[in-house]
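Enquirer: I have a structure I would like to understand better, so I am pasting it below and will then ask my questions one at a time.
The values are calculated or read from the model by the stated rules, or taken from the named source; none is laboratory data. All figures in this text were calculated on a predicted structure; none of them were measured in a lab. Note: ideal-geometry Cβ built from the backbone for every residue, glycine included; neighbour counts use all protein chains shown. Quick note on the areas: whole protein, heavy atoms, side chains included, nothing else; ligands and nucleic acids left out. Shrake-Rupley method; radii C 1.70, N 1.55, O 1.52, S 1.80 Å.
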Amino acid sequence: PTTPAPTPSTSETPKPTTPAPTSRTSSLTVKGNKIYDTCGNVWAARGLEHLANTPFSKDGTFAGMTNELVKTGSNAVRLLPDASIAMKDLETMLSILTNNKIVFYISPGDRSWFGRSEVKQVLTKYQKGLIIDAYQEPDFNDVSRWIKETKDAVAQIRGYGYTVPITVLTNLYGRDLPALLQNGKQIFDSDPVKNMILGWQAYWGNSGYYQGQYGMSLAEGVRRSSLVEFPIQIGIDAWADPGEAMDYKGTMAAAQQYGLGWLWWDFWNQWDGSGNNASNDGSASNLTPAGKEIITT
């Protein structure tokens with residue numbers, strides 16, 4: 001059994017502040033509920049997710065695909081490569097992103113991939129901007145199972161020797177915010193490095209289903225996420241479910257107000273009929289209406 005999270009009062013809403021820079025580090029670091037870049041400045045994601053394989057590249061190359069992501073002006077990208085990606089192609093992407101001072105999340109889905117010697121060699125070289133997805137969105141609704149699996153995932157990634165930030169997404173396809181608020185601290189504390197970002201896919205549609213289930217609006221969910229002791233990052237898109245839009249503009253505004261990072265799903269997938277693409281053709285010059293809004297915000 002878990003202990004319900006307390007409901008913060010309006011008086012607990014944090015006042016916008018800019019923490020003083022900390023010392024320089026070799027990778028991003030977490031302190032309290034903030035993320036710091038290698039220069040010691042507070043950092044929050046404003047970026048895109050992308051299926052990092054050549055079919056999702058306008059010109060069919062990894063370099064071309066990455067350069068288009070750079071042109072969007074995002075400060076972060078979540079790359080979902082196939083676990084069979086060649087190391088030269090992985091390095092092509094990471095070198096371009098590093099040269100443009102863009103943070104990258106790596107999320108192949110197969111955690112054992114991070115334990116391969118050739119993978120570790122490349123990722124260590126580019127650790128300055130690296131965040132590792134230790135646990136993707138689970139396709140089940142079982143909080144006890146989720147807690148166990150996330151702790152196992154954290155132990156596995158840290159067992160490979162990585163000290164960079166890792167991410168863990170919450171129960172029920174990443175949508176169960178109360179599970180994160182109530183149990184996130186014990187998951188964070190299971191990390192021996194204490195360098196973890198917890199993720200909430202805020203795909204709550206305008207029908208109000210999740211809002212009713214969890215007793216809070218999207219904006220209130222963002223506010224509560226800013227009050228916990230560990231960093232929470234959110235995922236946004238245009239359509240929470242088929243035919244059901246989400247208020248991504250309001251969610252982005254709340255994230256800006258409370259200092260939370262966000263990632264948009266996704267940049268471009270020509271086979272995705274859900275309407276979430278930020279680009280019409282894989283280029284930064286031909287954006288969808290939603291793409292124009294998120295990239296200029």
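Enquirer: Among the residues of segment 256-271, is any more than 22 Å from residue 35 (Cα to Cα) and small (Gly, Ala, Ser)? Steps first, please.
Expert: Narrowing segment 256-271 to residues more than 22 Å from residue 35 (Cα to Cα): 266-271.
Subset that is small (Gly, Ala, Ser): none.
So far as segment 256-271 goes, no, none of its residues is more than 22 Å from residue 35 (Cα to Cα) and small (Gly, Ala, Ser).
Enquirer: Just to check your reading of the model, which residue among 206, 171 is more than 16 Å from residue 263 (Cα to Cα), among the polar types (S, T, N, Q), free of Cβ contacts under 8 Å to residues at least 60 places away in the same chain and surrounded by fewer than 16 Cβ atoms within 10 Å (Cβ to Cβ)?
Expert: Working: 171 fails: surrounded by fewer than 16 Cβ atoms within 10 Å (Cβ to Cβ).
On inspection, the qualifying residue turns out to be 206.
Enquirer: Starting from residues that are assigned to a strand (DSSP E or B) and free of Cβ contacts under 8 Å to residues at least 60 places away in the same chain, keep the ones in segment 243-268 and report whichever is farthest from residue 197 (Cα to Cα). Walk me through it before giving the result.
Expert: Restricting attention to segment 243-268, the residues satisfying the condition of being assigned to a strand (DSSP E or B) are 244-246, 262-264.
If we keep only those that are free of Cβ contacts under 8 Å to residues at least 60 places away in the same chain as well, we get 244-246.
Details: 244: 28, 245: 26, 246: 23 Å.
Here the answer is 244.
Enquirer: Let me ask you something else. For segment 178-203, which residues satisfy the criterion of being open to solvent by 10 Å² or more (accessible area, probe 1.4 Å) and of a type in the set (A, V, I, L, M)?
Expert: Once the filter is applied, which keeps residues that are open to solvent by 10 Å² or more (accessible area, probe 1.4 Å) and of a type in the set (A, V, I, L, M), segment 178-203 yields 181, 193.
Residue-wise test of (1) surrounded by fewer than 20 Cβ atoms within 10 Å (Cβ to Cβ); (2) in contact with a Leu (Cβ under 9 Å, 6 or more places away or on another chain); (3) farther than 14 Å from residue 175 by Cα; (4) modelled with pLDDT of 95 or more.
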position	(1), (2), (3), (4)
218	no, no, no, yes
224	no, yes, yes, yes
229	yes, no, yes, yes
250	yes, yes, yes, yes
253	yes, no, yes, yes
260	no, no, yes, yes
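Enquirer: So which pairs qualify, if the first residue must be in segment 280-297 and closer than 16 Å to residue 249 by Cα, the second must be among the hydroxyl-bearing types (Ser, Thr, Tyr), the Cβ gap must be under 6 Å, and the two must be at least 6 apart or on different chains?
Expert: 291/279; 295/72
Enquirer: Please specify each residue of segment 282-297 satisfying the condition of being outside any helix (DSSP H, G or I), over 20 Å from the mean Cα position of the chain (by Cα) and surrounded by fewer than 13 Cβ atoms within 10 Å (Cβ to Cβ).
Expert: 285
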